[in-house]
């Protein structure tokens, strides 16, 4: 197994860059997982509001006090230019003007022209403050119509509007599959890009080094068969791919302890198959012996190309039919399609998932066959040339 051992000696120089990529991927995944696993509760937003009370009555003061309870009050000068600048630079979200005559109108049941405002058009603050003011005015008006005094109406309105229901944001998977949530499916969704980047950059570079002319001719002069040499290259590449994939699976188990339960097993198998596909892709790329800068370019083109065309970085739903028709000729498309079904992003079908597996394995088999043909054509000349040189040397 001399070739096998030599491969891993060469790999040592590339491991630091591969580990950096893996650590970065784990760090980003941990941040996303931590954000998605927090308890999802709805909380009302607090706005930065300034209030200009032109009515200056007990009634307008009561409204201002009510607004202060759920928002942060900012004091600025009552100047149009200053107010507009404050909104533009987001020092305030909303400037409320309580018009003169507010108290008289609300007691009379007239709700027209009670307020003025400065705000950004069609912003969240407009809708939010409009809802708050409408609820307050309508509640006070309703209690006044019941015969209560204004103070009693204001107190009752504040009590009614201060009642908050606890709202928890909950999302259930379509098939009740709690062990493979849509949130954690993102871990497997983005894995192909980092697999392509690491495996091709490391495996292809090692194989290119092993296939250099001097090493290749020396191997052909030895008693080692071509089949044995190729087998050891594939074995070493597969072992490296398996170790990298296993590291991702261990990282996934740390981020989600239930990753190895339920339907998540399908995602694990899907990722393993794709890792094998990328391994065969790396061996095929190395067969053409690209230079280091060309190899880096190929790695980026394959990684980013499949990520954007196949739905890794961009959801499949927003990709055009022409793009998807091209993506079907790439293995990452079938990986993403299976992953979306497993996560219930699209309708789950076990038969279609298995079909995606088989298509990916078909890509792997095709690349192995092409690699063997390329190596046979490319390196048979080296063996022939070596034999001719030996015969010429014997004659002399």
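Read the figures in this text as sums done on the coordinates, not as results from a lab. From a predicted model like this one, the values you see are computed outputs, not experimental measurements. Cβ placement follows ideal geometry from the backbone for every residue including glycine, while neighbour counts extend to all protein chains displayed.
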Original post:
Stretched out fully, how many nm does the piece from residue 346 to residue 91 gain, at 0.36 nm a residue minus the Cα gap?
Top reply: 87.5 nm
**OP:** Just the ratio, please: alpha-carbon radius of gyration of segment 48-161 over 2.2 N^0.38 Å, N its number of residues.
**Re:** 1.06
**OP:** Of the DSSP beta bridges with both residues in segment 48-161, give the percent that are antiparallel, rounding to the nearest 5.
**Re:** 35
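Could you please rank 46, 375, placing first whichever residue has the fewest other Cβ atoms within 10 Å of its Cβ? Display every interim value, and only then the final one.
On the way: 46 11, 375 19.
Going from sparsest to densest Cβ surroundings: 46, 375.
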